[in-house]
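Note sheet for the following structure.
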2 protein chains.
Amino acid sequence: MKVVIVGGVAGGMSAATRLRRLRESAEIVVLERGDHVSFANCGLPYYLGGVIQKREALLLQTPESLAERFRLDVRVRHEVVALDPVGRSVTVRDLDSGREYVESFDELVLSTGAAAIVPPLPGVERALVLRDVADVDRVAEALGGARSAVVVGAGFIGVEMAENLVRRQVSTTVVERGTQVLAPMDVEMAAPVAAEMREHGVRLELGAELTRVDADSVTLSDRRVIPADLVVMAIGVRPESALAREAGLEIGSGGGIVVDERLRTSAPHIYAVGDVVEKRDAVSGQSMLVPLANAANRQGRLVADVIAGLPAIDPPAQATAILGVFDLTAATTGWSEKRLRAAGRPFRVLHSHPFAHAGYYPDARAMSVKLLVDPATDEILGAQAVGGDGVDKRIDVLATAMAGGIPASRLMDLELAYAPQFGSAKDPVNMLGYMADNLRTGAIRTVQWHEIDDMIATGAHAVDVRSPEEFAAGSIPGARNLPLDELRDRAGEIPAGPVLVFCQVGQRGNTATRLLTQLGRDAINLDGGYRTWRDATAAVR
Amino acid sequence: MKVVIVGGVAGGMSAATRLRRLRESAEIVVLERGDHVSFANCGLPYYLGGVIQKREALLLQTPESLAERFRLDVRVRHEVVALDPVGRSVTVRDLDSGREYVESFDELVLSTGAAAIVPPLPGVERALVLRDVADVDRVAEALGGARSAVVVGAGFIGVEMAENLVRRQVSTTVVERGTQVLAPMDVEMAAPVAAEMREHGVRLELGAELTRVDADSVTLSDRRVIPADLVVMAIGVRPESALAREAGLEIGSGGGIVVDERLRTSAPHIYAVGDVVEKRDAVSGQSMLVPLANAANRQGRLVADVIAGLPAIDPPAQATAILGVFDLTAATTGWSEKRLRAAGRPFRVLHSHPFAHAGYYPDARAMSVKLLVDPATDEILGAQAVGGDGVDKRIDVLATAMAGGIPASRLMDLELAYAPQFGSAKDPVNMLGYMADNLRTGAIRTVQWHEIDDMIATGAHAVDVRSPEEFAAGSIPGARNLPLDELRDRAGEIPAGPVLVFCQVGQRGNTATRLLTQLGRDAINLDGGYRTWRDATAAVR
């Protein structure tokens, strides 16, 4: 059996090494266009920022090490320029000699990845991207002497890039066409990331677009000129599917190669994995692009199993992702509220702001967590979190619960490891379960931050149940202060009509809402409390 | 409705506050024998160590604050001395006045907790325990001027206590009857904890028992005398079920109150929660004692739902627990290998030693992870981990996977949040899935650390596939060195017969075993590699 693998990074190299472990006798050829195989893509920004100090640390394997250990025939700087699915061969160009040759295969794996999108702007050829080691070398060179930089795009990579430019003392502006950073997250969950960036000196231009790139600056659509010794494009990636497309393989609506659950393309004996394929979404079952390293690595290993005849099935994708930026962590899994809304899918929202560990143990820091739930089935549709330590843990637990089909309410039952430095006796994840259960059973009703203006305009009385000190430090316009501990006696002071209750994070509001409801009032709690409202409105105003 | 709750800490107070939110009209009386309600049990050792500096931080609520917010009638220093299940009343003694009175109830919740076990030794009355705030005050007083301490028992609390005594510069000895610390964990997973304790100056006497306590020392069964200005008993707890027992309620074989899935005792209108009850084990379905704060809090809230007529069901217990000790974290969920072995239940074992985050990102530290799997069903039976950052996350993910019924092999599919500072593209949890799948499909066979002496004795050839440098630094006696990268060419040097392959952590061994198997050899990989073997044998020798 001769297996040719096109692309030698995450997916391709996982496929090659797994296949060798399964089939010692197979001939395995890996064709990689770039200079390097199996490098640490996700480490590139951190090398530029000096967090990873040695360039060698990025290079996890070499063709030589892979030949030695796995008897792989790895050819770097060899680009596949044509694919003949019927004749089962690829045409390969040796980029150094210019020589072209034909390589036949019994089975072919396409792991060509995705390329950074570069919009056709005047002067854009000066802009750099960050996808491989050659890119990182170019950026590193441009960084020498650079005092200013513009990063275009405030997605995960753009934000990481900005953080690392600041680490290098480069005055950095991030230009983002959208109205928030981190498009996969909802506005109120992304807002703390924007605030953190600004606090660390990043200039953030939201709702802004580039019109041209000049020698040492860029121009925005409002004609402002931003100094930019260095311009980095990080507006997204598109699947490198041209080879497959030209060979007549089926391409999806997102531009990725269409594969089935066994990673088979529309052509026999041709498989595809990683950023170049369209994946099946875990929530909707529909095709989507998920250019994430974990999925690529998983599919790489899996395609080797498929080729070896093992009964492997590619699971649907939740698109779990995480970002560290300065002292903040933001993470997401599944669908966001805006995506659910755009798809017209019903959902229930929960916000909370729990401490990462017991409040009485030192350095307890609050995080913000959001859960999206199917109101009909109690299924978890997505989760987001932003904060410090423990954000990664909670998103991983929620991603696992989602994968395991644990209903939102049953998050209360999870037995998570508790000691005061690691969590709380009622862990933040358990608390989400309690909240979801209260909503499911109707024990509590909640309203979202973007709904309260309408409520107040139509006559609801906003009651801030926090302390007078908290109230004085800032509250929702039009609210009266009635501290929770006095509410039982003073509820009569609230005029007739619906009552909008809120506190700082939603928990005292929950108690107050339950109390008022039992006193016969039409009360509703502001989900996530003043804090979610403040994060969200600060972001949109 | 009048509800009386006996015990005002984790379970009792969760019940009281939840019940108030559900039933504003209920009369709720909380009777607490001690001086304080709702204190931070799990924080007590850290207050003694000075990590938590203010005593007030331990006191989460007072009777006054609970009356104000939740209209609870909380009576501290009121002990329930008798229970009449038929007449539905309790006899209460006011510990200050000595007065006794009868309190009737419609519904009763017993949340009396568990008491520290103190063995009947000469002089033992000088020994202190650590269960409540009064205990902590006594220990704090005894600590003034103490230069030496003996902690009896190396369970979670004993180890935490020892760590915090060292923080106070007290020369500390831990005396443990068993042959390892942390009995819920397996010997090779507990061994790094013992090493960490010793490295930080704790004297650890395993397999040792106290015979007497004297004025400033204790005597061990081998007649050695250990200086001990302070003696702390932490050998375990027993349910405080005397009140229930005397009232004729059904008591289980472990001494805890028997309750059903709705936390009902054998007597109508009487419920019990927390450390005093026997819980249903998630793996076996049998009764067991799980004196953990998370379970107590969860049951407390749940019993309020039951009393309020909501359809709440108490889930089975996995006994997830965690310990931080100096720079190490150890955690467990589900069953251990020794427990499975003792129960005669078939199981499969996996060890790995992954980095907590990408190896190329700074400060990547290896942890040890162990997974126990049902060989017939691929069900996860238990997991343990020991290491630094990220141990808590992996155990929580595994506990969640277990709760969600995710089979061990499918851990490979979990989409966990990956950026290089948080994990790996193939997360440690995914790797466990790959390993479990290899075992399940027979792609690999492994042998455990305690099985290799027999293998070698019966003629297997031990081959260390690490580098010559690693081999020279220490290997398994009798092994020959044949580095993985040379194995393909030099496999013929291994004499005929079975081959026991090992590397440092098991991964190169996996590749080598696959290679040898495909070359027609009878090869088996040492699970967890040299590192598991070394941890385990250092612990038992």
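The values are calculated or read from the model by the stated rules, or taken from the named source; none is laboratory data. Predicted model only: the values in this text are computed from it and were never measured. Virtual Cβ from ideal backbone geometry, glycine too; neighbours counted across all protein chains shown. These area figures cover heavy atoms from the full protein model, side chains too; ligands, DNA and RNA do not enter into them. Shrake-Rupley method; radii C 1.70, N 1.55, O 1.52, S 1.80 Å.
Could you please point out the chain A residue with its Cβ nearest to the axis of the rotation taking chain A onto chain B, and the distance in whole angstrom?
Nearest Cβ to the rotation axis, residue and whole-Å distance: A:G404, 1.
Any idea what angle helix B:156-167 forms with the longest principal axis of chain B, computed on alpha-carbon atoms, 0 to 90 degrees, nearest 10?
90
Taking each residue in B:466-476, count the Cβ atoms of any other chain within 10 Å of its Cβ, then average. What number comes out?
0
About the Cα centre, and with charges only on the beta carbon of Lys, Arg (+1) and Asp, Glu (-1), how big is the dipole of chain A? Nearest 20 debye, please.
Working: 58 positive and 70 negative charges, 71 e Å.
Roughly 340 debye, rounded to the nearest 20.
Please report, in debye to the nearest 20, how large the charge dipole of region B:327-408 is about its Cα centre when each Lys and Arg carries +1 at its beta carbon and each Asp and Glu carries -1 there.
Charge dipole of region B:327-408: 320 debye, to the nearest 20.
Could you give the nm distance between label points at A:R365 and A:R440, where each point is 7 Å from its Cα heading toward the beta carbon?
Simple spin-label model gives 3.2 nm for this pair.
Could you sort out which of A:K338/B:K393; A:K279/B:K393; A:K370/B:K393; A:K370/B:K279 sit more than 21 Å apart by Cα distance in this structure?
A:K338/B:K393; A:K279/B:K393; A:K370/B:K279
Between copies, how far does the label point of A:R445 sit from its twins, in nm, shortest first, when each point is 7 Å from Cα along Cα→Cβ?
From this label point to the equivalent ones elsewhere in the assembly: 6.6 nm.
Quick one: if the Förster radius is 51 Å, what FRET efficiency do A:R245 and B:A376 give, using the C-beta to C-beta distance and rounding to 0.05?
E(calc), rounded to 0.05, equals 0.60.
Measure off, as a whole percent, the carbon and sulfur share of the 1.4 Å-probe accessible area of chain B, all protein chains present. Write down the numbers at each step before the final one.
Values: 9690 of 19780 Å².
Ligands and nucleic acids excluded, carbon and sulfur reach 49 percent.
Shortest first and in nm with one decimal, please list how far the A:G474 label point sits from its counterparts in the other copies (point 7 Å along Cα→Cβ).
5.5
Using a 1.4 Å probe on protein heavy atoms, which residues of region B:27-66 have at least 40 Å² less accessible area in the complex than alone?
B:C42, B:Y46, B:V51, B:I52
Looking at the protein assembly as shown, I'd like the Rg to Rh ratio, where Rg is from alpha-carbon atoms and Rh is Kirkwood's inverse mean 1/r. List each step's numbers first, then the result.
Details: Rg = 31.1 Å, Rh = 31.5 Å.
Value, to two decimals: 0.99.
Please identify which residues in region B:432-468 have an amide N closer than 18 Å to a label point set 7 Å out from the Cα of B:A496, following the Cα→Cβ vector.
B:458-462, by backbone N distance to the label point.
Multiply the residue separation of B:R223 and B:D522 by 0.36 nm, subtract the distance between their alpha-carbon atoms, and state the gained length in nm to one decimal.
Separation in residues times 0.36 nm, less the Cα-Cα distance, equals 102.5 nm.
Angle, helix B:391-403 long axis vs. longest principal axis of chain B, Cα atoms, 0 to 90°, nearest 10?
That helix lies at roughly 80 degrees to the long axis.
Before I look further, what does region B:373-461 give for accessible area per residue, probe 1.4 Å, in whole square angstrom?
I get 29 Å² per residue for region B:373-461.
Towards the positive end of the charge dipole of the protein assembly as shown, with charges on Cβ (+1 Lys, Arg; -1 Asp, Glu), say which of A:L411, A:A114, A:P311 has the farthest Cα.
Checking the options against the dipole of the protein assembly as shown, the answer is A:P311.
With r as the distance between the Cβ atoms of A:R345 and A:V86 and R0 = 45 Å, compute the FRET efficiency 1/(1 + (r/R0)^6) and round to 0.05. Please list the in-between numbers first.
Details: r = 42 Å, r/R0 = 0.93.
It comes out at approximately 0.60.
How far, in degrees from 0 to 90, does helix A:529-540 lean away from the longest principal axis of the Cα atoms of chain A, to the nearest 10?
Between the helix axis and the principal axis of chain A, the angle is about 50 degrees.
Between B:I117 and A:A473, what is the FRET efficiency for a Förster distance of 56 Å, r being their Cβ-Cβ separation, to the nearest 0.05?
Using R0 = 56 Å, I get an efficiency of 0.70.
Mark the label point 7 Å from the Cα of B:R198 along Cα→Cβ and return the residues of region B:347-368 whose backbone N is within less than 20 Å of it.
Once the point is set 7 Å along Cα→Cβ of B:R198, B:368 turn out to lie under 20 Å by backbone N, inside region B:347-368.
If you roll a 1.4 Å probe over the heavy atoms of the protein chains, what accessible area per residue do you get for region B:143-248, in Å²?
Per-residue value: 42 Å².
For the pair B and A, how large is the buried accessible area, both sides, in square angstrom to the nearest 100, if the probe is 1.4 Å? Before the final figure, lay out each step's value.
On the way: alone 23340 and 23370 Å², together 39580 Å².
About 7100 Å² of accessible surface is lost on pairing.
Sorted from shortest, what are the nm distances separating the label point of A:P120 from equivalent points in the other copies, each placed 7 Å from Cα along Cα to C-beta?
Distances between equivalent label points, in nm: 9.4.
Check each residue of region A:267-307 and keep those whose accessible area, probe 1.4 Å, is at least 30 Å² smaller with all protein chains in place than in the chain alone; give them in order of residue number.
A:N294, A:N297, A:R298, A:R301
Using just the helices of chain A, give the 222 nm mean residue ellipticity in deg cm²/dmol: DSSP H runs with n ≥ 4 each add -39,500 (n - 2.57), and the total is spread over all residues, rounded to 500.
Roughly -8500 deg cm²/dmol at 222 nm, from the helical runs in chain A.
Say each of B:T179 and B:L206 gets a label point 7 Å from the Cα, pointing the same way as Cα to Cβ; how far apart are those two points in nm?
0.9
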